[in-house]
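Participant: Have a look at this one.
Nothing in this text is a laboratory measurement; each read-out follows from the coordinates by a stated rule. Because the structure is predicted, anything quoted here is derived from the model rather than measured. Note that we place each Cβ from the backbone using ideal geometry, even for glycine, and neighbour counts take in every protein chain shown.
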Amino acid sequence: MEEKESESKVCGVCGSRLIVDLDSGELLCPKCGVVIKDHVVDERPEWKAIDLEDKQKKVRVGAPMTYLLHDEGLTTFIGNKPYGGSKGGDFKNIKAASSIVRMNSEERSLVQILEKIDDLSKKLSLPNNVAETAAYFVHSKDVRLFLKNKSQREISAALVYLSCRICNFNRSLKEVSEAAGLKKKDVAKYYRLLAQNFPNSSIKRPTVSNYVTKAANLLNLSTKTERLALAISSKVEASKFSHGKNPAGLAAACIYISSTLYDEPVSSDELASSLNVTSLTVRNRVREILQNFNIIVELDSLK
């Protein structure tokens, strides 16, 4: 007998969590034996798979819906290999005709910018939610009207950067611009236009802790150094001292102090390069933090 837990229902008699007996089709209480329902639908597939490859062969549903496709993945595509009695030449003609009829000029433009967003997201190793957020904006009617007669390369880069800010994923404007092969000022111009025209987007300011984690990963710092730097950054960010200051510079200073205390020195030039700030900024922020905060570390924690 196979049993499946029901997470949302409990027994009205004894309060125990109900389970589903898939063999008998009953929803019952395993403690007092009360049968709540006797015709539960078995949602399992009627086939069995030995391994992942076997499962992929037998599954009868397509890929999940995604905003990275102009039709969100609902269109049927003609493959590259003819089946049945179709000849090679006829098959190619059918496929070419299908690609022409399937999309109008507006949809082709949409496909092009979505492809640019997808390629840029892969270059920057962005998580799927960031790419999907950028693609979601492109599907919006207001944004599509805004995109008319504008450069797709700059717009796609600006949308990716905007999505990074919304999803609180740490990628700088310089990194996005370089990955797209564009000038920073051009991407910044379109980003400002997007932020001004669509102010309802919950754009989040990058936090100091985000930059601390990023630099610690890039420089392969130890866990204890990163943990202390995060503790310092949380105190710095919670104070008025951080107002108006570049969070990347503050993060570099926190890491510099933490690595020095743990005898894992990192040069200010390395920190500056990893976070796209100047070494002078790092040294100035270190001096200001030490002047404004009392950093006390127990000797036992340094071992």
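Participant: What shape does the range 123-185 have by the C-alpha gyration tensor, where a ≥ b ≥ c are the square roots of the eigenvalues, rounded means a/c under 1.5, and otherwise prolate means a/b greater than b/c and oblate the rest?
Facilitator: oblate
Participant: Which semi-axes, in whole Å and largest first, does the equivalent ellipsoid of the range 208-302 have when worked out from the alpha carbon gyration tensor as the square roots of 5 times its eigenvalues?
Facilitator: Largest first, the range 208-302 gives 17, 16, 12 Å.
Participant: Arrange the following residues from fewest to most other Cβ atoms within 10 Å of their Cβ: Thr133, Thr213, Thr278.
Facilitator: Starting with the residue having the fewest Cβ neighbours, the order is Thr278, Thr213, Thr133.
Participant: What order do you get for Glu175, Glu53 when you list them from fewest to most C-beta neighbours inside 10 Å?
Facilitator: Glu53, Glu175
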